[in-house]
Every structure is written in C-alpha cells, then in structure tokens.
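Student: Before we start, here is the structure in question, set down as structure tokens.
A short reminder: the numbers here are calculations on the coordinates, not readings from a lab. Because the structure is predicted, anything quoted here is derived from the model rather than measured. Note that each Cβ is placed from the backbone with ideal geometry, even for glycine, and that neighbours are counted across all protein chains shown.
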Amino acid sequence: MKSRGEQGFTLIELLIVVAIISIIAAIAVPGLLRARMTGNESSAIASLRTTTSSQVSYSAACGNGAYAPTYDQLADPPPGAPNSQGFISAEFNAPAPILKSGYELTLTDGGAAEGPPDCNIQATAADFYAIAEPQNHGSTGTRSFAVDANMTIFQNDTDTAPTYPVAASGGTPIN
C-alpha cells in the first residue's frame with residue numbers, strides 16, 4: 001500500500017495563520033492611526049508657522065506694517081515684479097477654509113482695526129488670527145491650534161481652536 005503524500009495546508013493550519021495575522025493587525029492599526037493623527041497635527045502646526053512668517057514678509061514688503069486678513073490676499077503677488085509669487089504657497093490661494101492634512105485652516109483679521117491699503121490696493125488689518133481645526137476630531141486630529149500677530153501658536157485639546165486674542169484664550173502655548 002502506498003501512502004498519499006501531504007498536499008497543501010490543513011484547515012487548522014490556515015486558521016492559525018489567520019489568527020496570527022489578525023492579532024498582529026489589531027496591535028498595529030491603532031499605532032498607525034495615532035501616527036497619522038500626529039503627522040496631521042504636525043502639518044497643521046507647520047502651516048501656522050508658515051502663516052506667521054508669510055505675514056511678517058507681507059507686512060514688511062507689501063502691507064505697510066499691517067497684515068493680510070485672508071489667505072487669498074496673502075497669496076497675491078506684489079505688483080510690478082514679473083513672474084513674482086505671493087507671500088505664501090499657492091495651495092493657500094483658495095476659499096476658506098483651506099483643507100490640508102485633515103485640518104481646516106482659516107485666516108481672518110480677528111476683528112482688529114483696519115490698516116492702510118497694501119501694495120495691491122487691498123484692505124489690511126492691524127492684527128491677524130489663524131486657526132487650524134481637525135476636520136474629524138478624534139480621527140484626523142485631537143488638538144486645535146491658533147496664532148495671532150504675537151506669533152505664538154497655542155493649542156486646545158478640543159476640536160475648537162483657542163479664541164482671539166490667542167494669548168488670553170486659555171490655550172496652551174506650543175514649545
């Protein structure tokens with residue numbers, strides 16, 4: 001009598017492999033989601049830092065000492081220079097809110113007094129208020145951020161950004 005050679009895997013062996021893969025996935029997925037949220041939050045902070053440096057450049061070069069009240073205006077290039085670019089990346093030249101890496105970014109004048117016209121003959125503001133709020137609190141981010149002309153970025157552990165003026169809002173400054 002000839003014995004049959006084993007061919008393939010038994011059902012038990014396949015179930016064991018599926019169970020091992022399921023356990024590994026259950027351990028890895030929450031870590032990946034946390035890493036994605038951390039990356040989104042880092043992107044939001046970087047966008048607000050870009051906003052502050054762009055506002056400083058705008059104020060010195062085009063705003064006559066005042067700030068742009070919207071991202072659209074901050075993205076407008078100054079007149080007269082051929083092929084010139086705005087003071088912030090073109091990705092910010094869109095209607096508010098700007099959607100970037102799971103966050104909604106908004107720039108306003110914060111209710112500040114109006115400043116002198118800029119080099120493009122547009123209204124400016126004596127202050128600015130920029131916020132970054134998660135699109136879906138808990139899945140795209142757990143913190144909200146805000147910055148004003150004091151240039152310190154503050155955070156809240158909620159889906160609502162610190163209020164204007166940012167330093168008096170009770171938010172925590174980012175180091």
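Student: So for the chain, taking the charge dipole from beta-carbon charges (+1 Lys/Arg, -1 Asp/Glu), which of Ile24, Pro165, Ser89 sits furthest toward the positive end?
Tutor: Ile24
Student: So for each of 86-97, 47-58 I average, over its residues, the number of other beta carbons within 10 Å; can you give me the resulting order with the highest mean first?
Tutor: Highest-to-lowest ranking by the protection proxy: 47-58, 86-97.
Student: With Cβ to Cβ distances under 15 Å as the rule, what net charge do the other residues near Thr38 carry (K, R +1; D, E -1)?
Tutor: +1
Student: Round to the nearest 10 and give me the degree value, 0 to 90, for the angle of helix 11-61's Cα axis relative to the longest principal axis of the chain.
Tutor: Computed tilt is about 10 degrees.
Student: Averaged over every viewing direction, what's the projected area of the C-alpha convex hull for the chain? Give it in nm², one decimal, please.
Tutor: Taking a quarter of the hull surface, the average projection is 16.1 nm².
Student: Using helices alone, what [θ] at 222 nm do you get for the chain, with -39,500 (n - 2.57) per DSSP H run of 4 or more residues, divided over all residues and rounded to the nearest 500?
Tutor: It comes out at -11500 deg cm²/dmol, rounded to the nearest 500.
Student: Separate question: Using mean Cβ contacts within 10 Å as the protection proxy, how do 137-148, 115-126 order, highest first?
Tutor: The densest-packed peptide leads the list: 137-148, 115-126.
Student: Set the Förster radius R0 to 30 Å, insert the Cβ-Cβ distance between Asn83 and Ser139 as r into 1/(1 + (r/R0)^6), and round the FRET efficiency to 0.05.
Tutor: 0.15
Student: Could you check the simple spin-label distance between Thr172 and Ala94, using points 7 Å along Cα→Cβ, in nm with one decimal?
Tutor: 3.0 nm
Student: What's the FRET efficiency of Ile12 with Arg36 using the Cβ-Cβ distance as r and R₀ = 45 Å, to the nearest 0.05?
Tutor: 0.80
Student: Using 1/(1 + (r/R0)^6) with R0 = 30 angstrom and r between the beta carbons of Ala26 and Asn150, what's the FRET efficiency to the nearest 0.05?
Tutor: 0.10
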